[in-house]
Every structure is written in C-alpha cells, then in structure tokens.
Amino acid sequence: MKDFVGELMGTFVLTFLGCCSVAVAILFGEYNSIFQIGLVWGLAVTLSIFLTRNICCAHLNPAVSVAMVVAGRMKASKLPLYICAQLVGAVLAGVMLFVLFSPSIGQYEAAHGFVRGSAASVDTARMFGEFYPNPGDAAVSVVSLPLAMLGEGFGTFLLALFIFALTEDCNVGRPSSDLQPLFIGLTVSSIIFFVAPLTQAGLNPARDLGPRIVAYLAGWGDAALPDRVGGWFWVYVLAPVLGSSLAALFFKLVLEPLNLSKLKSKN
C-alpha cells in the first residue's frame, strides 16, 4: 500500500500541475512560450519526487518503472502495482483539471464557436492528452506517425538514461541525493523544449492516457484521440516504453561497466 499510495499521489501532483500549465496557456493566454510551460513541467516533476521519494521509488511514470525492471533495479512482480497506481493518479488529475476549469472551458468553446467533440475541439482536448502534430504550432504542420514515435521514444530514452546516470552509485559524478530530483526535473524541461513542438512531449504513458480518458468521457469523444490509427497508443504509450527500455539496456550494458572500470582503475 505504501508503494501504491506514493506512486498514485506523486503521479497525480505531476500530471495535475503540468496539465494546469497547458490549460492556463490555452484558456487565459498565459505562459506564451514553450520555455515557460517546460519549466512548469520540470518543477512539477521535481516537487512530485520530493513529495514521494521516501514513500515509494518515485518513478511516477510507467516507462521509468519498465526501465527499472529491464535494468534489474526493481522486481517485475511490482510492475503491475506501480503502473496501476500511476494510471489511477493520472486519471484523478484529469478529473480535478476538468472540475476546476470546466466553466472556463465552456466559455472558451462558446467564444470560439465550436462544439465539444468536433474536430475543432482538439484545441481544448490538448489540455488533457497530447497530439501530433502539436495543434498549438502551425509551423509544424507535418509530423508523421513514425516521426512522432521517434520523438517520443528518443525523448524518453534520454529521460531514463539521465535518471540512471543521476541516481546510480557507479556514477561518482552524480549530484547528491538532495539535488537529484531537481536535476531530473531539469532533464524533463530540457527534453520538452525540443519534443513538445512536434508531439507536445508526453514522455509518460500514464500522464497522457489518464487525462485523455477523462477528456474522452467528458464529451470530447474521438476528438480526444490524436488520429484514427491508434496514435495515442503507438506514440504516447509504446514509444516511451521502448525508449526507456533501450536506455536501461544501454546503461546496464555500456555505461555501467565503463563507470565501474573507471572506479577499479582508481582503486
């Protein structure tokens, strides 16, 4: 129960704070640059880890949990519990987001003359789940499914790789335990700066799927889905899991042995 509550609570805070930044940007015209939104997401990750790391492992992301299993850092038997807690936390965050901003969303829809569930309502659905190409950037009008998968997969690869590098004992250059959540948050912000213009930068299957389910049930229907070929799964669930798994293997088979050999040579 300790692991379940910790992962649920941390994923809730991470998803809620991050999605709120997108909602405020869309509905009220605040946070006019990707730099600002990226920093909010990074802070959300940092605060969520600080909140829960003494309760659970503070993965707060199914892709990270899978990577930990692949790297042998967590028992596979724990994986269903972690993923379930993360999904529940993300769904609850989506519900809270909808409850708080529902009147503002309704007013925004009326002011812009579109009906929830129509193709145009993607403009508000992106507050919950991600879309490719990013509906908020007309300059990136062509992002194919393979390119979107590559962006999300590579972004999550970097995220998982830095998590290992920042927390594993074999890396003597890692920051102190007190600073690790901050550096992980900055890693998320840095990745968002280049992935978000393409796909809105999910990097976390729970963070995307939980609020997307809420949007689907709250009236957006098919408009809550990024395409008609299952892009919500291929881009925002499968690609991050594959990317984080590759990062785990790369660290375990390449970087960890190099770090250990360096330590042995010093001794």
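Please treat every number below as a calculation from the coordinates, not as lab data. This structure is a prediction, so every number in the text was calculated from the model and none was measured. Counting neighbours? That spans all protein chains shown, and the Cβs are built from the backbone with ideal geometry, glycine included.
The table below lists the values:
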read-out	value
The chain - Rg (one decimal) and Dmax (whole number), Cα, Å	18.5, 70
Positive minus negative residues near Leu203 (Lys, Arg vs Asp, Glu; Cβ under 11 Å)	-2
Max mean-square fluctuation residue, GNM over the chain, Cα-Cα springs under 10 Å, options Ala120, Ala67, Ala110	Ala110
Gain on full stretching of the segment that runs from Leu263 to Phe35 - 0.36 nm per residue minus C-alpha separation	78.3 nm
Listed residues Leu145, Leu17, Leu87, most fluctuating in the chain (Gaussian network, C-alpha, under 10 Å)	Leu145
Set of aspartates and glutamates with alpha-carbon distance to Lys252 below 14 Å, sequence-local pairs under 8 removed	Glu168, Asp169
Of Gly113, Gly210, Gly151, the one that fluctuates the most in a GNM where the chain has Cα springs shorter than 10 Å	Gly113
Segment Phe193-Ser104, length gained on full extension (0.36 nm per residue, minus Cα span)	29.3 nm
Cα convex hull volume per residue for region 42-109 (Å³)	114
Cα gyration tensor shape of region 154-267, rounded if a/c is under 1.5, else prolate or oblate by comparing a/b with b/c	prolate
Nearby lysines by direct alpha-carbon distance to Lys2 (threshold 19 angstrom, same-chain neighbours under 8 apart not counted)	Lys75, Lys78
Value at 222 nm in deg cm²/dmol, rounded to 500, when DSSP H runs of n ≥ 4 in the chain each add -39,500 (n - 2.57)	-21500 deg cm²/dmol
Kyte-Doolittle mean at least 0.5, axial Cα span of 18 Å or more - DSSP H helices of the chain	2-28, 34-52, 79-112, 145-167, 180-199
Local net charge near Val95, Cβ-Cβ under 15 Å (Lys/Arg +1, Asp/Glu -1)	+2
Net +/- balance of residues flanking Ala85 in space, Cβ distance below 15 Å, scoring K and R +1, D and E -1	+2
Positive dipole terminus of the chain, leading residue within Phe50, Cys170, Val91 (C-beta point charges)	Cys170
For peptides 175-181, 70-76, sequence by mean Cβ density within 10 Å, most packed first	70-76, 175-181
